[in-house]
There are 2 protein chains.
Amino acid sequence: MNQFVSVTEDILQKLVRIVGRRHVITSSSAEMEDYSHDEAPTALRHFPEVVVKPDTTEAISEVLRLANTAHIAVTPRGGGTGLSGGAVPLYGGIVLSLERLNRIQEIDEDNFVAVTQAGVLLQDLRREVERRGLYYPVYPGEGTAHIGGNVATNAGGMRAVTYGVTRNFVLGIEAVLASGQIIRSGGKFVKCSTAYDLAPLLIGSEGTLAVITEITLRLIAKLPAWHLLYIPFTSLHKAIEAVPRILKLNVPLVGLEFLEQDVVRIIEAYLERAIPYHENPAFLMAILEGRGEEDLNDAARSIAEVCIASGAEDVYIPMGARAKRDLFEVREKVYPALKSARPIEVLDVVVPRSRIADFVGEVKQLSAHYGIPVIASGHAGDGNVHLHVMGKGIDTIKWQTHLPDLLKDIYRAGVAMGGMISGEHGLGSEKKSYLPLAIPEEQIDLMKRMRQAFDPNGILNPRKVFPD
Amino acid sequence: MNQFVSVTEDILQKLVRIVGRRHVITSSSAEMEDYSHDEAPTALRHFPEVVVKPDTTEAISEVLRLANTAHIAVTPRGGGTGLSGGAVPLYGGIVLSLERLNRIQEIDEDNFVAVTQAGVLLQDLRREVERRGLYYPVYPGEGTAHIGGNVATNAGGMRAVTYGVTRNFVLGIEAVLASGQIIRSGGKFVKCSTAYDLAPLLIGSEGTLAVITEITLRLIAKLPAWHLLYIPFTSLHKAIEAVPRILKLNVPLVGLEFLEQDVVRIIEAYLERAIPYHENPAFLMAILEGRGEEDLNDAARSIAEVCIASGAEDVYIPMGARAKRDLFEVREKVYPALKSARPIEVLDVVVPRSRIADFVGEVKQLSAHYGIPVIASGHAGDGNVHLHVMGKGIDTIKWQTHLPDLLKDIYRAGVAMGGMISGEHGLGSEKKSYLPLAIPEEQIDLMKRMRQAFDPNGILNPRKVFPD
């Protein structure tokens, strides 16, 4: 275990000199509370000793050099919208907030590239890119997330079927090592075979290797048309079984989501309006994007036929812009609605997409076995299953006793089907202890050696990702 | 510098026990010559002490454990089609040939995934995948390359405009560390945020971190239609200037190549037939793929209009299957044809695609300045410029004196435009000395520390990628 040093008055003065008095928060401030947690439902709060908000890569480099020399823990923080406790400063120390690194440096329409600082909000980036007729299609849902946080967790979302995840759009990264050294990897090109590509390693490393400061993103041309299909089924099993059949159609499907009735009911309560077909036990939602309405109509027809043949009750395609937006909002609000219902755990296991029906079936059996309700929803088209473990109405002693076993059994089931612990949320502090269920100790040791190559003193986001 | 030990009679016996007498070649064999070089025009030959050909991951693990304990250099070798000397055993030692790891383990039509051993030939993989109506679109040209070698160099090729490069299709990797430890990263899913993703780091690492044994590849549905456009221009500058205008059309363009007349003449000599429009000084070749002929006709028309407006002499779209194949062969044979003309250097600088005209212009000036001819061709659509330095008719003393300066100036020009030394060939032994022109020493040191985390004794492909 690393030994860290507390932030002294002397260090504080030096931090103030680097970033300016206004951009340093100390424990006397009420504002500090915001920096003690992220959006994980389970993570304990933990206050930092100081929050610093540099606005240049050079200032970040200075802060890190200072912290590294003094052996102070540093927790990098993006938008704080993470779901795994990755931004919680478990050791106190310094929270390094990227919020002032909020400039889109360039949208390069010749190279179809955006160069952006890490602290830009995803919704701002998307708006600026779309204003120029271009498109950044990765859609993790939470618009107030920082693009840097998206990169640090390899965020995914609901358009991964065609487009993939954050990883698939990052062309280059600028980052700062714990030592203060600034590194750059990749650039405005898709081809590179010039020594090790560090950028893909930093993607998903959750702030444990370096502080990501600037990202070069690949953009694509915006497809002008999109369709939404909402498909009620007579059982969850039938809904999920339709998924591989839909995927085999080879239509321009960018997202394919599934919802249980329980989730729909919770969203109805959250949005305070009824959702069509809510009497059905399960639903698929398909998102299509294309060059023209005609292609999409053909695609929608094929999907509808396959779904009806697989036991769908009906296929609803909202035609009005308002109805379409309302329905899309249903999927967008899954997480906040479920959050309002206070789940006791949120899991985001990924399995090969052909195994989703098996996996959800096994989860339901485990849920029944332990007597703890688990609601499933998520990205059927890419195998990323979101499981919300609900605690309402269950006695506390029961779930405290059995929850760890339930979670382990769920993770083991996913891994046994060729899956992984987390598809897009990361491990942070909340899921790190499950890593050995998926990756052998020897390989975890290799990762720790890699970390040491980046950060010999282990000051960056300590006690995250790897089990204690 | 690492100290390596020679292969003793005792080690040889142990190697024979692991892989079998028939699969060990010693220096007494004439077959050994094949393993002393790759296809780099400049690399010196160097014989290994022994070639071993294991056919399982476990046997590779045993060979490496043995070599690591004894401190013997190991050079992993795929198809030997590399262009940078990456497979040349500079220290002698063991050449670990992957040629018997040649099984396609699975083509999973539900998950659109192929699982293949590293030693499968690209052409065999492509054929098997296409037999099932699926598609692996990365097209580096050389069908006898191993897919493992493609991964180790992050091979690109001529369909990168839409599809990207090898990196964009690798979902998972199994590899063996120098210690014999077998590691696995990724799997049959596109989303993952579960500790560090090792697979993307191994991609492009040229055998210096681990021996790649098995790869899980993403496949896509094969698009049924393709078109080829061949566009003669009145100058190279005009041809290249048309590129960003074509790319902005947002048509389903998978490749956009450029050729100089010198290259066309060399290909004519190599193929022993005339190529249409050969009297023109420069050409673009566009490859389109789509769902139907109609879409492609529209796209072809748009490209033709833009090109004519940019100074194209004509736009030729071969209609017959034979004419189309003949023309496609022109691009496919660029490298073998140029090779037959005995270039003294082959470069594959990558720059942001908007900078290609500037870059090629600067290369031509440098070529004139040093009096050494440089022929340009390559992937205009993705910024990857292939430069063949020709020695014919120049006196040897002159090019021996000035060649290093010319190369450095070319690399500096590319890097100054935001590019990199190699887009797809890798650094191997032949380009490693130029790495410091693109990447600061401090960052190279970080890479060396990473290497040490994987291979503490440095036995894997020593003296490659990094300058001596």
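The values are calculated or read from the model by the stated rules, or taken from the named source; none is laboratory data. Note that the coordinates shown come from a computational prediction; the quantities given were computed from them, not determined experimentally. Methodologically, a virtual Cβ is constructed for each residue, glycine included, from the backbone with ideal geometry; neighbour enumeration extends over all protein chains shown. For the accessible areas, the whole protein counts, side chains as well, though only heavy atoms, and no ligand, DNA or RNA atoms are used. Shrake-Rupley method; radii C 1.70, N 1.55, O 1.52, S 1.80 Å.
The table below gives the values:
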{"read-out": "Strands (runs of 3 or more DSSP E) contained entirely in the stretch A:1-99, each with at least 1 residues that are within 24 Å of residue A:212 (Cβ to Cβ) and within 24 Å of the chain's Cα centre (by Cα)", "value": "A:50-52, A:74-77, A:94-97"}
{"read-out": "Output for the stretch B:100-111, where each listed residue is within 14 Å of chain A (Cβ to nearest Cβ) and in a strand (DSSP E or B)", "value": "B:105, B:106, B:107, B:108"}
{"read-out": "Residue within the stretch A:297-306 that is under 30 Å from residue A:390 (Cα atoms), more than 14 Å from every other protein chain (Cβ to nearest Cβ) and in contact with a strand residue (DSSP E or B) (Cβ under 8 Å, 6 or more places away or on another chain) present", "value": "no"}
{"read-out": "Within the stretch A:409-425, considering residues that are β-branched (Val, Ile, Thr) and either within 10 Å of chain B (Cβ to nearest Cβ) or touching a His at 6+ places or on another chain (Cβ under 9 Å) (or both), the one least open to solvent (accessible area, probe 1.4 Å)", "value": "A:421"}
{"read-out": "Residue among A:199, A:282 that is touching a Leu at 6+ places or on another chain (Cβ under 6 Å) and without any contact (Cβ under 8 Å) to a residue 60 or more places away in the chain", "value": "A:282"}
{"read-out": "Residue list for the stretch A:119-158, filter: free of Cβ contacts under 8 Å to residues at least 60 places away in the same chain and in a loop (DSSP other than H, G, I, E, B)", "value": "A:119, A:120, A:132, A:138, A:143"}
{"read-out": "Count - residues of the stretch B:48-64 that are open to solvent by 10 Å² or more (accessible area, probe 1.4 Å) and either over 25 Å from residue B:105 (Cα atoms) or at pLDDT below 95 (or both)", "value": "1"}
{"read-out": "Candidates B:268, B:260 - the one that is more than 14 Å from chain A (Cβ to nearest Cβ) and touching a residue at least 24 places away in the same chain (Cβ under 8 Å)", "value": "B:260"}
{"read-out": "Filter result for residue A:215 (in contact with a Ser or Thr (Cβ under 8 Å, 6 or more places away or on another chain), facing another protein chain (nearest Cβ under 10 Å), crowded, with 19+ Cβ neighbours inside 10 Å and modelled with pLDDT of 95 or more)", "value": "no"}
{"read-out": "Top-ranked residue of the stretch B:366-392 - restricted to ones that are within 21 Å of residue B:243 (Cα to Cα) and among the polar types (S, T, N, Q), ranked as surrounded by the most Cβ atoms within 10 Å (Cβ to Cβ)", "value": "B:384"}
{"read-out": "When residues of the stretch A:426-461 are limited to those that are more than 9 Å from every other protein chain (Cβ to nearest Cβ) and touching a strand residue (DSSP E or B) at 6+ places or on another chain (Cβ under 8 Å), the one surrounded by the most Cβ atoms within 10 Å (Cβ to Cβ)", "value": "A:461"}
{"read-out": "Residue check, residue B:356 open to solvent by less than 30 Å² (accessible area, probe 1.4 Å) and either within 14 Å of another protein chain (Cβ to nearest Cβ) or part of a loop (DSSP other than H, G, I, E, B) (or both)", "value": "yes"}
{"read-out": "Any hit, the stretch B:30-38, residues being open to solvent by 50 Å² or more (accessible area, probe 1.4 Å), at pLDDT below 95, closer than 23 Å to residue B:82 by Cα and among the small types (Gly, Ala, Ser)", "value": "yes"}
{"read-out": "Test for residue A:406: is it among the aliphatic types (A, V, I, L, M) and either more than 12 Å from chain B (Cβ to nearest Cβ) or open to solvent by 20 Å² or more (accessible area, probe 1.4 Å) (or both)", "value": "yes"}
{"read-out": "Residue in the stretch B:129-142 that is nearest to the other protein chains (Cβ to nearest Cβ), counting only those that are within 17 Å of the chain's Cα centre (by Cα) and open to solvent by 10 Å² or more (accessible area, probe 1.4 Å)", "value": "B:140"}
{"read-out": "Failed item in (1) within 14 Å of chain B (Cβ to nearest Cβ); (2) open to solvent by 10 Å² or more (accessible area, probe 1.4 Å); (3) within 18 Å of residue A:168 (Cα to Cα); (4) not hydrophobic (A, V, I, L, M, F, W, C), with residue A:126 passing the rest", "value": "(1)"}
{"read-out": "Output for the stretch B:167-199, where each listed residue is at the interface with another protein chain (Cβ under 9 Å from one of its Cβ atoms), open to solvent by less than 10 Å² (accessible area, probe 1.4 Å) and assigned to a helix (DSSP H, G or I)", "value": "B:199"}
{"read-out": "Helices (runs of 4 or more DSSP H) lying entirely in the stretch B:247-340 (those with 3 or more residues that are under 26 Å from residue B:137 (Cα atoms) and open to solvent by less than 10 Å² (accessible area, probe 1.4 Å))", "value": "B:261-271, B:293-309, B:334-340"}
{"read-out": "Flag for residue B:217 being closer than 30 Å to residue B:102 by Cα, touching a Phe, Trp or Tyr at 6+ places or on another chain (Cβ under 7 Å) and in a loop (DSSP other than H, G, I, E, B)", "value": "no"}
{"read-out": "Selection within the stretch B:149-166 - within 7 Å of chain A (Cβ to nearest Cβ), under 20 Å from residue B:113 (Cα atoms) and surrounded by 24 or more Cβ atoms within 10 Å (Cβ to Cβ)", "value": "B:154, B:156, B:160, B:165"}
{"read-out": "Checking residue B:226 against (1) modelled with pLDDT of 95 or more; (2) open to solvent by 60 Å² or more (accessible area, probe 1.4 Å); (3) among the hydrophobic types (A, V, I, L, M, F, W, C), the condition it does not meet", "value": "(1)"}
{"read-out": "Pick from the stretch B:229-246, criterion more than 12 Å from every other protein chain (Cβ to nearest Cβ), open to solvent by 10 Å² or more (accessible area, probe 1.4 Å) and not in a loop (DSSP other than H, G, I, E, B), ranking: nearest to residue B:264 (Cα to Cα)", "value": "B:236"}
{"read-out": "Subset of the stretch A:85-111 [crowded, with 23+ Cβ neighbours inside 10 Å and modelled with pLDDT of 95 or more]", "value": "A:85, A:86, A:87, A:88, A:89, A:93, A:94, A:95, A:96, A:97, A:98, A:101"}
{"read-out": "Flag for residue A:114 being within 14 Å of chain B (Cβ to nearest Cβ) and either in contact with a Leu (Cβ under 8 Å, 6 or more places away or on another chain) or open to solvent by 20 Å² or more (accessible area, probe 1.4 Å) (or both)", "value": "yes"}
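For every residue, the table says whether it meets (1) in contact with a helix residue (DSSP H, G or I) (Cβ under 8 Å, 6 or more places away or on another chain); (2) touching a residue at least 12 places away in the same chain (Cβ under 8 Å); (3) within 30 Å of residue A:292 (Cα to Cα); (4) not β-branched (Val, Ile, Thr).
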| position | (1), (2), (3), (4) |
| --- | --- |
| B:292 | no, yes, yes, yes |
| B:300 | no, yes, yes, yes |
| B:318 | yes, yes, yes, yes |
| B:325 | no, no, no, yes |
